[in-house]
Amino acid sequence: MFGVGLPEFLVIFVVAILVFGPDRLPDFARQAGRFLRQMKNFTTAARDDLRNELGPEFADLELSDLDPRKAVRKHILEAMEDDDEDDVVPVRRGQRPLAAGELPPYDSDAT
């Protein structure tokens, strides 16, 4: 969550005990939990409002879909998949692909 691992969480916890003291720490934790719950309710309400305003074709809309980095990444991956499907090598008229082990023609005057 938020890139905070166990060691970082323990450091934050120890600093919080030193700064706030063990008596006031439960009150601050309760306030932080209340704030996170309000933020979750806010984002849920915003998502539901967007779904209602955009109509039934966007019923599966998630707020993470609106992240520009994710949208660009999705379109780039789709374009790369389309390119993989179109990997047909064009052959020029009068030329043929080289057989396995065959060397291309060499023109000593051209070099």
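The values are calculated or read from the model by the stated rules, or taken from the named source; none is laboratory data. This structure is a prediction, so every number in the text was calculated from the model and none was measured. All Cβ positions, even for glycine, are placed from backbone atoms using ideal geometry, and neighbour counts span all protein chains on display.
Quick rundown of the values:
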{"read-out": "Residue match in the stretch 33-47 (condition: at pLDDT 85 or above, over 29 Å from the mean Cα position of the chain (by Cα) and basic (Lys, Arg))", "value": "no"}
{"read-out": "Residue check, Arg51 charged (D, E, K, R), at pLDDT below 85, part of a helix (DSSP H, G or I) and surrounded by 10 or more Cβ atoms within 10 Å (Cβ to Cβ)", "value": "yes"}
